[in-house]
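Bear in mind these aren't lab numbers, they're just calculated from the coordinates by the rules spelled out. Not measured: the values here are computed from a predicted model. We place every Cβ from the backbone using ideal geometry, glycine too, and count neighbours over all the protein chains shown.
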Amino acid sequence: MLSRRRIIPLVAFVCILVLAFFLLQHYWYQPTYSFVYTDNARIDGTAVNVVAQNGGQVVQLPYDTGDKVEKLHPVATLKITLVATMPSSDNPQYVQQNITAPISGIVASRWVNLGDTVSPGQRLLTIIDPDDIWVIANIDENEIHRVKPGQRVDIHVDATNETLGGIVEYIIPLTTSVVQRPAGSSVVVAANTQDVPVKIAFEQKGNYHLYPGLSTEVTIYTK
């Protein structure tokens, strides 16, 4: 039989081996995540302006900023003076014209007030489609090679203090030093930096509380 003097070191050695085994197993088999992070990101989206086709006075304006509107529903009414075909009269004729929403969405901005006189082509409202918003994240050019379409993304919205899921859609093949504001977009990409814009889609649609221009922090999981 082994003496007590020999058993104690042996037991200690076995315990060390067992502990080392579990530590190695933990580090070898524990999933590791590699990611690219940036706080130079903003929500962008489709923004459509509602304009007056004719000049007139705003006599109805039922929607305000933040209200939800439906496509083809009236969002403003103008009182328009008819052009006289006969010599001027003391009793000018008027007609009312309804201005309808070109898309369903949320009123992002209201540019006129009730009673205002507007000109043809003047902007009345700006509507955004909450089902058609995305994130433009500016990624350092030294990290962009790690970013691929289809990668999972965490999008932290600073204004609402929430984190939403997203997916990398595509990499815009330009640096931000030459990117211009896209038509209909409310977001200007930062200039004079060597970053590459990446478009990220939200996993869930119908984010009615979000709108273009909000700052975000983006974590793109590359592994």
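With 10 angstrom as the radius, rank LEU174, LEU82 by how many other C-beta atoms surround their C-beta, starting from the fewest.
LEU82, LEU174
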Solution diffusion estimate, µm²/s, Stokes-Einstein, the stretch 47-128, Kirkwood Rh from C-alpha pairs, 4 °C, viscosity 1.567 mPa s: 98
Taking neighbour Cβ counts within 10 Å as the exposure measure, how do HIS145, HIS156 sort from fewest upward? HIS145, HIS156
What net charge is computed for the residues neighbouring LYS205, neighbours being all others with C-beta under 13 Å from the C-beta of LYS205, Lys and Arg scored +1, Asp and Glu -1? -4
Pick out, from THR100, VAL112, ILE80, the residue whose Cα sits farthest towards the positive end of the charge dipole of the stretch 47-128, with +1 on the Cβ of Lys and Arg and -1 on the Cβ of Asp and Glu. THR100
Counted neighbours (other Cβ, 10 Å), sorted fewest up, put ASP132, ASP39 in the order ASP39, ASP132
Suppose R0 equals 30 Å. What FRET efficiency, 1/(1 + (r/R0)^6) with r the Cβ-Cβ distance, do THR160 and GLN97 give to the nearest 0.05? 0.20
